[in-house]
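No value in this document is a laboratory result; all are computed from the given coordinates. All values derive from a computational prediction rather than experimental measurement. Using ideal geometry, Cβ is built from the backbone for each residue, glycine included, and neighbour counts are taken over all protein chains shown.
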Amino acid sequence: MPELVYPPVIAAARTMFRVLDLKLTVQGAHHVPRTGGVVLASNHVSYLDFIFCGLGALQSRRLVRFMAKDAVFRHRVSGPLMRGMRHIPVDRRAGADSYAAAVGALRAGEAVGVFPEATISRSFTVKDLKSGATRMACEARVPVLPVALWGTQRLWTKGRPRTLTRRHTPISIVVGEPIDPSGYPDANAISVELRTRLHALVDRAQREYPDQPSGPADRWWLPAHLGGSAPTPEQAVALDAGDRRASTP
């Protein structure tokens, strides 16, 4: 099937990044296989993470099919684009269908992007992971690639105003070595390994990040353990629980 939508969207995004002079750094892109099914499992700190995670696969000429909430597919603007790029809708009331679609895509040789933390991390640290990404990799018998993103939270994240016109922001994308499911007893063991590797990659991206807050009021995008004013992991858990309570009828 010809790709009529995805390449123009990528071109438009890259043009916007050049206009904004975003300082993109991609490390480890050679880990993305050029063919065959693969799960890209990324940390999640921004509403824009799917764009930047996908950029990590461009060197290998892969188009990543991301799993995303079905509400995005119903939106009058984003819906046609998401469907045109053949992303995978996730309806939490019918999760088995989304899971089956993702496994089918992996078996067909697609690269599937997943955010195993499920929601944005307010603490900007790696949260506990859902096992869906590793279960899919086990069932489809494909590798899992950990991907760390950093700096994307400065553009648009939960609880902060959008700053999509912010210029000169460094964005770090670090792709880790593949995890072969055949080397682990089950999906839960792979999830433990995945979280360990994601934590190490995010820590590396944070330590190597070429920018620092401009002052006390700008420390919001740093995690608490690095001297930032982001919520601690414990505070973030409480905030997420409050969101769930508020959204429950």
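If only residues of the stretch 182-219 that are assigned to a helix (DSSP H, G or I) and among the polar types (S, T, N, Q) are counted, the one that is surrounded by the most Cβ atoms within 10 Å (Cβ to Cβ) is Ser191.
Just to be sure, is Thr157 farther than 30 Å from Ala13 by Cα and out of contact with any Asp or Glu (no Cβ under 6 Å at 6 or more places or on another chain)? Answer is no for this residue.
From the set of residues in the stretch 130-151 that are more than 26 Å from Asp218 (Cα to Cα) and small (Gly, Ala, Ser), which is surrounded by the fewest Cβ atoms within 10 Å (Cβ to Cβ)? That would be Ser131.
Within the stretch 159-181, if we keep just the residues that are surrounded by 12 or more Cβ atoms within 10 Å (Cβ to Cβ) and of a type in the set (Gly, Ala, Ser), the residue that is nearest to His30 (Cα to Cα) turns out to be Gly176.
Given the condition touching a residue at least 60 places away in the same chain (Cβ under 8 Å), exposed (fewer than 15 other Cβ atoms within 10 Å of the Cβ), in a helix (DSSP H, G or I) and not acidic (Asp, Glu), answer yes or no: does some residue in the stretch 64-78 qualify? Looking through the stretch 64-78, none of the residues is touching a residue at least 60 places away in the same chain (Cβ under 8 Å), exposed (fewer than 15 other Cβ atoms within 10 Å of the Cβ), in a helix (DSSP H, G or I) and not acidic (Asp, Glu).
For the stretch 91-129, the set of residues classified as more than 30 Å from Leu222 (Cα to Cα) and within 15 Å of the chain's Cα centre (by Cα) consists of Ala111 only. Of all residues in the stretch 145-157, none satisfies being in a helix (DSSP H, G or I) and over 23 Å from Tyr209 (Cβ atoms). Residues in the stretch 220-249 that are under 24 Å from Ile173 (Cα atoms), in a helix (DSSP H, G or I) and either hydroxyl-bearing (Ser, Thr, Tyr) or in contact (Cβ under 8 Å) with a residue 40 or more places away in the chain (or both): Trp220, Trp221, Ala224, His225, Pro233, Ala236. Taking the conditions exactly as written (closer than 20 Å to Ser191 by Cβ, touching a residue at least 40 places away in the same chain (Cβ under 8 Å) and of a type in the set (Asp, Glu)), does Glu110 satisfy them or not? Against the criterion (closer than 20 Å to Ser191 by Cβ, touching a residue at least 40 places away in the same chain (Cβ under 8 Å) and of a type in the set (Asp, Glu)), Glu110 does not qualify.
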